[in-house]
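K.L.:
Take a look at the following structure, please.
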Amino acid sequence: YHLVPRFMEKLLKLGQSPLFLVWGHSFELERDDRWNETEAFFRELSNREDVWYATCGEIYSYMEAVRRIRVSVDETMVENPSFSSVWISCDKTPLEIRGGECIKLR
């Protein structure tokens, strides 16, 4: 947990949207006596405006929406035919494309 600030700083420098999946079972925490360490880890990652906290189902739905994005042949238009917003990078700047929206990039 003490590495979380450095880890988050490195992620932000990437300029992308990496996925960091936390997976485990509570019995493992009990068995290995890791409750305090785990709580400290989540305290460090909690309440951040630059983190999207999502379930596996929400991540799956989002990725399905990303797969449905349509880009024009000349790459000047992007359409999001899904109901939910998706995010893309345009000139290294995050850009939200709302559900049903078609936007001009250049």
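The values are calculated or read from the model by the stated rules, or taken from the named source; none is laboratory data. Being a predicted model, the structure only gives us computed values, none of them experimental. Ideal geometry is used to build each Cβ from the backbone, glycine not excepted, and the neighbour counts take in all protein chains shown. In case anyone asks, the SASA skips ligands and DNA or RNA and just uses the protein heavy atoms, side chains included. Shrake-Rupley method; radii C 1.70, N 1.55, O 1.52, S 1.80 Å.
K.L.:
All but one of (1) open to solvent by 70 Å² or more (accessible area, probe 1.4 Å); (2) over 16 Å from the mean Cα position of the chain (by Cα) hold for Pro81, so report the exception by its number.
P.N.:
(1)
K.L.:
Here are some residues: Trp35, Trp52, Trp87. Which one is open to solvent by 100 Å² or more (accessible area, probe 1.4 Å) and at pLDDT below 90?
P.N.:
Exactly one of Trp35, Trp52, Trp87 is open to solvent by 100 Å² or more (accessible area, probe 1.4 Å) and at pLDDT below 90, namely Trp52.
K.L.:
If you take the residues of the stretch 84-102 that are more than 15 Å from Val66 (Cβ to Cβ) and touching a residue at least 24 places away in the same chain (Cβ under 8 Å), which of them is nearest to the chain's Cα centre (by Cα)?
P.N.:
So the residue we want is Lys92.
K.L.:
What's the number of the only condition in (1) outside any helix (DSSP H, G or I); (2) touching a helix residue (DSSP H, G or I) at 6+ places or on another chain (Cβ under 8 Å) that Phe41 fails to meet?
P.N.:
So Phe41 meets the others, but not (1).
K.L.:
Considering every residue within the stretch 22-31, establish whether at least one is part of a loop (DSSP other than H, G, I, E, B), in contact with a Gly (Cβ under 7 Å, 6 or more places away or on another chain), without any contact (Cβ under 8 Å) to a residue 60 or more places away in the chain and surrounded by fewer than 12 Cβ atoms within 10 Å (Cβ to Cβ).
P.N.:
No, the stretch 22-31 contains no residue that is part of a loop (DSSP other than H, G, I, E, B), in contact with a Gly (Cβ under 7 Å, 6 or more places away or on another chain), without any contact (Cβ under 8 Å) to a residue 60 or more places away in the chain and surrounded by fewer than 12 Cβ atoms within 10 Å (Cβ to Cβ).
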